[in-house]
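Written below as structure tokens is the structure these notes are about.
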2 protein chains.
Amino acid sequence: MLQEPTAKTLAATPAASAVLALLLTEGPLSRVEMARRLDLSSAAVTKAARPLLDAGYLHELASERTAPGSGRPVSPLAVTAEREYFVGVKVTTDDLVDEIVGVLCDLRAQVRVSVRRPLPDRSPEAVVVELAALVDELLDAGPDYRARTRNLGIAISGDVDRARGLVRLSARFGWRDVPIGQLAAEATGLSVVVENDVKALTVAEHWFGEGVGTDSFALVTVGAGIGCGIVVDGRLLTGGFGVAGEIGHICVDPDGAPCRCGNQGCVETVATTGAILAAARAESGEADMTFGRAVERARAGDEAVKKVFAKAGTAIGLAVAAMVNIAGPERIVVSGEGLDTYDLFEERIWASFAAHAFGAAAQAPVFIRPLPFEEWARGAAAVSLRALFPQVRTHHARALTHRA
Amino acid sequence: MLQEPTAKTLAATPAASAVLALLLTEGPLSRVEMARRLDLSSAAVTKAARPLLDAGYLHELASERTAPGSGRPVSPLAVTAEREYFVGVKVTTDDLVDEIVGVLCDLRAQVRVSVRRPLPDRSPEAVVVELAALVDELLDAGPDYRARTRNLGIAISGDVDRARGLVRLSARFGWRDVPIGQLAAEATGLSVVVENDVKALTVAEHWFGEGVGTDSFALVTVGAGIGCGIVVDGRLLTGGFGVAGEIGHICVDPDGAPCRCGNQGCVETVATTGAILAAARAESGEADMTFGRAVERARAGDEAVKKVFAKAGTAIGLAVAAMVNIAGPERIVVSGEGLDTYDLFEERIWASFAAHAFGAAAQAPVFIRPLPFEEWARGAAAVSLRALFPQVRTHHARALTHRA
């Protein structure tokens, strides 16, 4: 029996992989334009696109114009977004609720349906049971979702060994060496990729968000911790010792508060939600103030609480500047874990970034915006999609010229 | 007339380029071992090596043993180091002397001869005249040097546009938009590559020094400024806006002294030779103290001056840790511009690095050692050699697997 082709099998050659990746992220494009961007011959692009067209992953758009000179019609190629789907799940916990958030995305990483489920507890067993039920719910939400879905991405905070599908350490869940990839594969029957949540969101934004068209890109997340994913030359930095993008532990005040890392005055001691809340309680004298209440107070003009948010924004801007001065990304997105409080510190982030960015690095655009948990789940789906293109460094011209 | 082959023409195909680069940096190696590391067939390696052997760039070593199974003798291949030479020049200036330092290196980047010449002034014209005379002196120092040298690398501090051979800005020389590459090519008849001096030294150390065998590597230089070159995935980071590795402007003291960059309390305000000297003068009350005298005083046990060096070491360690936390290099070399004062702060650098490195990043080895100006000139020569291998990302196995 013939196996039906999948995006994975179709993207197995470098040329097909490059063509599909380029159309996924920047299509529709004509064959001539793709040939130019990928530094391939038009014949090579046509050959690579053929099986993708035959299998229904691509389609030709109606001719818009004729090619200059030849008079032949130009029919741009486009990805058939609904040909295959990808599920992404963000496993999350905060002071209020433990839950899993799942989305089903198409080939263009557009969310088709999303679902949230509360977690009864934080044990791996409970998470896998809920995860399997959530995946079922997503796959049942459309007539062809189940038949056309083979890949699941899981995003979770902590130290993740992606190659082994292992959560080595997740302080927030109390997990150590949990083979969540294998457990989830057994429970769902899907191919599973597990990734650190910040890295997953970085990959999604690089391929399908603000990072499109860049070789280097960074995403900073602010919430219970300060995270940062950095893409250099089309690939996510992983660090020689598994550490990279750790901007939360840049020292902003040598005489500052002790940090969980053992140092003093790290960015995390002033800019996490926990640090902001602690400082707001201390400033206001309200020992049982909630984060929501702190936000209200600041928005209502409480100078002491406003100052706490401003201090956090200044520290974040400094950390972003240090990262940009060192790693040199072309664009930066600063986001958070579902919080929508950017009005309280965005001006400070920009001002502090501008003050500390060195020379021309200050030109790097910094986008500040909230990303709800569904976007993080989409990041997990994007990682499972991105994993089908291991050879593609980036999604535009240089993808293939490195192989020239 | 047949053109004699050069390393450049011989390394024109991906396989030949990868074979030569591997042997340059890690040879001698057998064909079988090279095939394994490059993920090529033995036949492909043999085919790629043939023209290099014929042209005298490689030679076979005597058989050491027979191949297991086949009983055929294994003859490792080695680079014939003296087949081609490369000239490197470091253009340098400090409070005491302006000079150019030149070396002639072989294919293994071993220095064969070195020369220094003082500069009568800092004008581009004067530098080119002295540079041409220095290159002549180097090429005349051996019977076959002139015939076998085609490439010259120039290293200089400042903002260098390598692609155009242009020094955009060198504050220390007062140069702006000086086409030193073209001027030097006209004056010497050699192919010229111009590179920022820290980047040049980083490339040399990555290919021929502590960086051999790593995918990611960083070099930090301490002197009149604090510089840093970072290699990620086999390539030097250049930064989306031309800024990368700027660790000198990480803030170590928000209330610190004003920095030339416009901020306060940057690493450079406490750790450059100028900053150390100013602080030592202030601490000791000796307004005309020289840097050499400050070193003497610290070595003789003067607590106040020792403290100045210790503070500098602490700031350098913190900056190195921030860089490692963000970029994640596997190994780090901390060096200087010919100064030999590491005994005065190396312990502080290590202690501060260990305190600020995040988690497993503290395992990254930090080597601290002086590099005389001849090593910087060797860096320039290595850049002109490295430039012959634009497709090679790194010098070991992954060089070709990215193209697989």
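Candidates A:V79, A:S41, B:L385 compared by Cα position along the dipole of the protein assembly as shown: farthest toward the positive end lies A:S41, with charges placed on Cβ. With each label modelled as a point 7 angstrom along the Cα→C-beta vector, the A:H59-A:A185 pair spans 3.4 nm. With a ≥ b ≥ c the root eigenvalues of the C-alpha gyration tensor of the protein assembly as shown, is it rounded (a/c under 1.5), prolate (a/b larger than b/c) or oblate? Oblate. Most simply put, the protein assembly as shown has about 65% antiparallel DSSP beta bridges, counting only bridges with both residues inside it.
For region A:234-312, applying the loop criterion from DSSP together with a ceiling of 15 other beta carbons within 10 Å to the trypsin sites (Lys or Arg not before Pro) yields A:R260. Inter-chain neighbour count for B:251-262: the average number of beta-carbon atoms from partner chains within 10 Å of each residue's beta-carbon is 3. Placing R0 at 25 angstrom, the Cβ-Cβ distance between B:R108 and B:A43 gives a FRET efficiency of 0.40 after rounding to 0.05.
Its relative contact order, with pairs defined as Cα atoms under 8 Å and 6+ residues apart, puts region A:7-82 at 32 percent. Taking chain A as a Gaussian network of alpha-carbon nodes connected by springs under 10 Å, the highest mean-square fluctuation of the residues A:D177, A:D288, A:D98 belongs to A:D288. From the Cα gyration tensor of region A:9-139, with a ≥ b ≥ c the square roots of its eigenvalues, which class applies: rounded if a/c is under 1.5, or else prolate if a/b is larger than b/c, or else oblate? Prolate, because a/c is 1.5 or more and a/b exceeds b/c. Net length available on complete extension from A:Q264 to A:E125 is 46.3 nm, with 0.36 nm assigned per residue and the Cα-Cα distance removed. Projecting the Cα atoms of A:P5, A:L201, A:L236 onto the charge dipole of chain A (Cβ charges, centred on the Cα centre) puts A:P5 farthest toward the positive pole. Dipole orientation for the protein assembly as shown: of the candidates B:I276, A:A21, B:P329, A:A21 has the Cα lying most toward the positive pole (charges on Cβ; Lys, Arg +1; Asp, Glu -1). Per residue of B:213-219, count partner chain C-beta atoms within 10 Å of its C-beta, then hand back the mean as an integer. Rounded to a whole number, the mean comes out at 2. Karplus-based coupling profile of region B:264-279, in residue order and whole Hz: 10, x, 5, 3, 4, 6, 10, 10, 6, 4, x, 5, 5, 4, 4, 5, with θ = phi - 60° in 6.51 cos²θ - 1.76 cosθ + 1.60 and x standing for Gly or Pro. With a simple spin-label model that places each label point 7 Å from the Cα along the Cα-to-Cβ direction, the separation between A:E4 and B:R176 comes to 6.6 nm.
When chain A is modelled as a GNM with alpha-carbon springs shorter than 10 Å, which of A:S352, A:S114, A:S41 fluctuates the most? Greatest mean-square fluctuation among the candidates belongs to A:S41. Each Lys or Arg adds one and each Asp or Glu takes one away; over the other residues whose Cβ falls under 12 Å from the Cβ of A:R50, this sums to 0.
Using only side-chain charges placed at the Cβ, +1 for Lys and Arg and -1 for Asp and Glu, the dipole size of chain A relative to its Cα centre rounds to 1420 debye. In a reduced charge model with +1 at each Lys and Arg Cβ and -1 at each Asp and Glu Cβ, region A:213-371 shows a dipole moment near 40 debye about its Cα centre. Just from its helices, what would the mean residue ellipticity at 222 nm be for chain A, if runs of 4 or more DSSP H residues each count -39500 (n - 2.57) and the sum is divided by every residue, rounded to the nearest 500 deg cm²/dmol? Result for chain A: -11500 deg cm²/dmol, rounded to the nearest 500.
In terms of distances greater than 20 angstrom between alpha carbons, the cross-link table entries A:K307/B:K311; A:K199/B:K199; A:K90/A:K199; A:K8/A:K47 yield A:K307/B:K311; A:K199/B:K199. Highest GNM mean-square fluctuation among A:S17, A:S42, A:S63, for chain A modelled with Cα contacts below 10 Å: A:S63. Charge dipole of region B:1-153 (Cα centre as origin; +1 on each Lys and Arg Cβ, -1 on each Asp and Glu Cβ, all else neutral): 940 debye, rounded to the nearest 20. Annotation for region A:134-195 versus region A:329-391: alpha-carbon center distance of 24 Å. Annotation: extensible slack from B:E26 through B:D302 equals 94.8 nm (criterion: 0.36 nm per residue apart, minus Cα-Cα distance). Across peptide A:358-365, the mean count of Cβ atoms from other chains lying within 10 Å of each residue's own Cβ comes to 6.
With a ≥ b ≥ c taken as the square roots of the eigenvalues of the C-alpha gyration tensor of region B:134-239, please select rounded if a/c is under 1.5 and otherwise prolate if a/b is larger than b/c or oblate if it is not? Oblate, since a/c reaches 1.5 and b/c is not below a/b.
With θ taken as phi - 60° and the Karplus curve 6.51 cos²θ - 1.76 cosθ + 1.60 applied, the whole-hertz 3J(HN,Hα) list for region A:179-191 is x, 5, x, 5, 4, 6, 5, 5, 6, 10, x, 9, 6 Hz, x standing for glycine and proline.
Computed from backbone phi, the HN-Hα couplings of region B:38-49 come to 9, 6, 10, 6, 4, 4, 5, 5, 4, 5, 5, 7 Hz, rounded to whole numbers (Karplus: 6.51 cos²θ - 1.76 cosθ + 1.60, θ = phi - 60°; Gly and Pro given as x). Here A:V212 yields copy-to-copy label distances, from shortest upward, of 4.6 nm, the label point defined as 7 Å from Cα along Cα to C-beta.
The numbers here are math on the coordinates, done by the rules we state, and not lab data. Given the structure is predicted, the values throughout are model-derived calculations rather than measurements. Neighbour counts are summed over all protein chains in view; Cβ atoms, including those assigned to glycine, are modelled from backbone coordinates with ideal geometry.
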